[in-house]
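What follows is a single structure, written as structure tokens, with notes after it.
Just so it is clear, none of the values below were taken in a lab; they were calculated from the coordinates. Values in this document were obtained by computation on a predicted structure and should not be read as measured data. Positions of Cβ are generated from backbone atoms using ideal geometry, with glycine treated the same way; all protein chains shown enter the neighbour counts.
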Amino acid sequence: MHSMTWDKNCLTLLNQTKLPGRVEYIRCSDYQTVAEAIRRLEVRGAPAIGAAAAYGLVIGARQLAEGSGDFWSGLMKIVQELKATRPTAVNLFWALDRMAGVAGRYRQSDVQTLLAALEQEAIAIAQEDRTVNSRIAANGAALFDQPLAVLTHCNAGALATVGFGTALGVIRQAWADGNITRVFADETRPLLQGARLTAWELMQEQIPVTLITDSMAGWVMKQRKIQAVIVGADRVTLNGDVANKIGTYSVAVLAKEHGIPFYVAAPASTFDFTMHSGDAIPIEERQADEITTIGGVRIAPAEVEVFNPAFDVTPHALVSALITEYGVLRAPYAPAITKIQQQLRGEQ
Ligand SMILES: CSC[C@H]1O[C@H](OP(=O)(O)O)[C@H](O)[C@@H]1O
């Protein structure tokens, strides 16, 4: 399955809010549709929203070229509108800054040349994510030197990326190597990415998966049913702190308590080299009805007070290893992350 496809004139998104019951697609012929899809988690997952926003800017630039307003100020306004869709996953800002940089290099060119350059950059961002997924998978699978059962939280699979996933990419490769006996998937309240998306993805490939509620993770560890945890990330800071789906921090604390390795799979595009610690990561808070209803059915009093942070931050001390396309990083993370930053600067 693919989270998105690009066919020169249109971005088609798999509508993840309808899964697993219905496979429906959203054809995005304007950038506003892409922005709304990111806000509504119709497309979600750090690398996926970065790539979707990049394509959204391509579409928006074409809309401007057909209009009569000031092209450059209009383009920068669309960049800001897309950046405002969600605050935590750094891939969104990384992708849009990269696209804006390309636009700046072609600002004095004719519009058609600029449009072509933007489209090529968005395609490159998507293609690089596929390649990076494969390298993360290979680096992470090498950690599994015997058949193990693992636990994962939320969805860091093909649906969260352009390729075949970060955490689930490692699981797919380790499964192919014969080193995964079973995956325990946290349902991941409130939006149930684990129940709706991870369970669906793994069952599509006959990878053994057991769905549990988030509150069962500790008991599954106590019962020695799993030997490793692997999750994705939305933002990793210079010291190795990790923002990820709400509930990840609890899983990391439980893993520490039970002596179980807690791995984070993340591409360099999810590293925030401007942020020294997770204390500064903006945590998205979402609307109350995500908690007080399920599938439109009310499960709590309508006026109840709700706290709905979509992410939490796991301190680097609880992270056993960061699995990246550059290799498996171990603590202390700052020197290794800084080295990746230097390599990236050298590649530009
Ligand atoms: C490979 S990034 C996946 C990451 O994104 C998810 O958040 P959301 O579903 O709200 O976009 C979750 O934190 C996953 O670990």
Nonlocal amide H pairs with Glu24, under 5 Å, H built at 1.01 Å: Asn15
Amide N of the stretch 2-32 lying under 16 Å from the label point, which is placed 7 angstrom from the Cα of Gln287 along Cα→Cβ: 17-18
Under 5 Å, built H, 5+ apart or other chain: amide partners of Ile246: Phe311, Asp312
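Suppose we look only past 24 Å in the calculated P(r) of the chain. What percent of the Cα-Cα pairs does that tail hold? Before the final figure, lay out each step's value.
Details: 32755 of 60378 pairs.
The answer is 54 percent, as a whole percent.
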FRET efficiency estimate (nearest 0.05) - Cβ-Cβ, Thr210 to Ala138, R0 30 angstrom: 0.70
Separation of alpha-carbon centers, the stretch 255-332 and the stretch 34-51, rounded to whole Å: 17 Å
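Over the chain, what is the percentage of antiparallel beta bridges among all DSSP beta bridges, to the nearest 5?
Numbers: 20 of 39 bridges.
Within the chain, antiparallel bridges account for around 50 percent of the total.
Rounded to the nearest 0.05, what FRET efficiency do Ala280 and Arg345 give with R0 = 22 Å and r taken as the Cβ-Cβ distance? Could you check? It would help to have the intermediate numbers written out before the result.
Numbers: r = 22 Å, r/R0 = 0.99.
The formula returns an efficiency of 0.50 here.
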Hz values of 3J(HN,Hα) by residue in the stretch 72-78 - Karplus curve (6.51, -1.76, 1.60), Gly and Pro given as x: 5, 5, x, 5, 5, 5, 5
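In the structure displayed, which of Lys83/Lys245; Lys222/Lys256; Lys77/Lys339 lie more than 22 Å apart, Cα to Cα? Provide the component values of the computation, followed by the final result.
Values: Lys83/Lys245 19 Å; Lys222/Lys256 12 Å; Lys77/Lys339 34 Å.
Correct reply: Lys77/Lys339.
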Ordering of 279-285, 183-189, 268-274 by packing [mean C-beta count within 10 Å, highest first]: 183-189, 268-274, 279-285
Nonlocal amide H pairs with Val209, under 5 Å, H built at 1.01 Å: Val183
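Please label the shape of the stretch 141-347 as rounded, prolate or oblate, based on the square roots a ≥ b ≥ c of the eigenvalues of the alpha-carbon gyration tensor (a/c under 1.5 means rounded; beyond that, a/b larger than b/c means prolate, else oblate).
Working: a/c = 1.68, a/b = 1.18, b/c = 1.42.
Judged from the Cα gyration tensor, the stretch 141-347 comes out oblate (a/c at least 1.5, b/c at or above a/b).
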The chain, helix-only ellipticity at 222 nm - DSSP H runs n ≥ 4, -39,500 (n - 2.57), divided by all residues, nearest 500: -12500 deg cm²/dmol
